[in-house]
Amino acid sequence: MALPSQTHSRTGSPSGRGPRGRGGRGNAPRRDRPENDFDQRIVELARVARVMAGGKRLRFRALVVIGDHKGQVGHGLAKGADVSLAINKAGTKARRNLITVPIKKDTIPHEIKMKYKSAVVLLKPAPAGTGIIAGGPVRTVLELAGVPNVVSKILGSGNKINNVRAVLKALSTMKVR
């Protein structure tokens, strides 16, 4: 216990930063969801290098998409010194970037064409029993979002990062009619 002369006048701790000694709210309840709610898939894993004076510094970049198969999906892109660190950081970022996908009659509400940088993605509603007709990263996002029937086409760039972002942008701007 700190003496009264050593404590800060507002918080009562010697550091003056609250009950734990750091910024923040002490024992505030966490609003995060349990990690087991979401299924996680690695869309892209790349070894990237930064050239320094002494040579190349190698790191790993991971693009992770998470979803609960019930209409929530998110993506995260992160770098780390090793593969597992990059994947964990990307998964944490994905939990912060969750969006809710509107699903109407087991498909998306309407057709949409979305552009993100040079990636263009077309998403169309499909009748029951069609399944997910999509390729690459678009399929991963739609499966994790839980959309059972949809037809899609990647029209622009083949860049996986931009295609994932284009799909998420399209799904987030959809309106239920």
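Restricting attention to the stretch 120-129, which residues are loosely packed, with under 15 Cβ neighbours inside 10 Å and over 17 Å from Pro102 (Cα atoms)?
Of everything in the stretch 120-129, just one residue is loosely packed, with under 15 Cβ neighbours inside 10 Å and over 17 Å from Pro102 (Cα atoms), namely Gly129.
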The stretch 30-48, subset assigned to a strand (DSSP E or B) and either at pLDDT below 95 or touching a helix residue (DSSP H, G or I) at 6+ places or on another chain (Cβ under 6 Å) (or both), residue surrounded by the most Cβ atoms within 10 Å (Cβ to Cβ): Val43
Residue check for Thr92: among the polar types (S, T, N, Q), surrounded by fewer than 17 Cβ atoms within 10 Å (Cβ to Cβ) and either assigned by TED's automatic domain parsing to the domain that holds Ala49 or under 18 Å from Asp39 (Cβ atoms) (or both): yes
Close pairs from the stretch 45-59: first under 10 Å from Lys79 (Cα atoms) and in contact (Cβ under 8 Å) with a residue 40 or more places away in the chain, partner surrounded by 11 or more Cβ atoms within 10 Å (Cβ to Cβ) and among the aliphatic types (A, V, I, L, M), Cβ under 7 Å, at least 6 apart: Leu45/Ala62; Leu45/Val83
Residue within the stretch 142-149 that is touching a Gly at 6+ places or on another chain (Cβ under 7 Å), surrounded by 19 or more Cβ atoms within 10 Å (Cβ to Cβ) and more than 19 Å from Leu45 (Cα to Cα) present: yes
Criterion violated by Leu122 - all others in (1) touching a strand residue (DSSP E or B) at 6+ places or on another chain (Cβ under 7 Å); (2) not in a strand (DSSP E or B) satisfied: (2)
Subset of the stretch 109-119 (residues that are part of a strand (DSSP E or B) and either surrounded by fewer than 19 Cβ atoms within 10 Å (Cβ to Cβ) or in contact with a strand residue (DSSP E or B) (Cβ under 8 Å, 6 or more places away or on another chain) (or both)): Ile112, Lys113, Met114, Lys115, Ala119
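The values are calculated or read from the model by the stated rules, or taken from the named source; none is laboratory data. Remember, predicted model here, so these are calculated numbers, not experimental data. Heads up, the Cβs are rebuilt from the backbone with ideal geometry, glycines too, and the neighbour counts pull from every protein chain shown.
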